[in-house]
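Student: So that we are looking at the same thing, I have put the structure below in structure tokens.
The values are calculated or read from the model by the stated rules, or taken from the named source; none is laboratory data. Predicted, not measured: the structure shown is a model, and the values here were computed from it. Note: ideal-geometry Cβ built from the backbone for every residue, glycine included; neighbour counts use all protein chains shown.
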């Protein structure tokens with residue numbers, strides 16, 4: 001976890017690789033299940049993400065979750081997102097948290113290294129639909 005000055009006034013924010021097929025599917029997954037519309041999204045290639053206090057090389061290799069307490073990467077971000085969705089997904093998030101971080105992040109890194117090969121890479125960042133626009137930050 002890295003605590004830093006807030007990059008936005010809207011919480012929570014999920015920062016994602018806008019050209020990654022898997023990351024875009026993760027955003028779609030969250031949007032479909034976030035009935036309260038509490039999550040906001042920003043591409044790691046965008047203006048909002050540039051204010052994160054993470055080295056750029058690390059930034060594109062990790063999903064980042066930011067709330068009022070700071071920003072979290074890799075599986076610390078994933079379990080917090082799942083808990084935020086709630087229901088059965090929240091339970092899975094708490095179960096994931098019980099695993100040691102080094103094991104969780106090892107699996108995360110393995111998938112992250114191969115995500116473009118497995119899920120593809122887009123030419124440009126994901127564009128939100130008209131209904132989704134209020135959930136996305138620049």
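Student: If I ask for residues that are touching a strand residue (DSSP E or B) at 6+ places or on another chain (Cβ under 9 Å) and closer than 17 Å to residue 23 by Cα, which ones from segment 80-101 would you list?
Tutor: 80, 81, listed by residue number.
Student: Considering only residues that are within 29 Å of residue 36 (Cα to Cα) and part of a helix (DSSP H, G or I), which ones fall in segment 116-138?
Tutor: Those that are within 29 Å of residue 36 (Cα to Cα) and part of a helix (DSSP H, G or I): 119, 133, 134, 135.
Student: Let me ask something else about it. Starting from residues that are under 12 Å from the mean Cα position of the chain (by Cα), assigned to a loop (DSSP other than H, G, I, E, B) and at pLDDT below 95, keep the ones in segment 13-57 and report whichever is surrounded by the most Cβ atoms within 10 Å (Cβ to Cβ).
Tutor: 17
Student: Among the residues of segment 101-119, are any surrounded by 17 or more Cβ atoms within 10 Å (Cβ to Cβ), under 18 Å from residue 12 (Cα atoms) and modelled with pLDDT of 85 or more?
Tutor: Within segment 101-119, not a single residue is surrounded by 17 or more Cβ atoms within 10 Å (Cβ to Cβ), under 18 Å from residue 12 (Cα atoms) and modelled with pLDDT of 85 or more.
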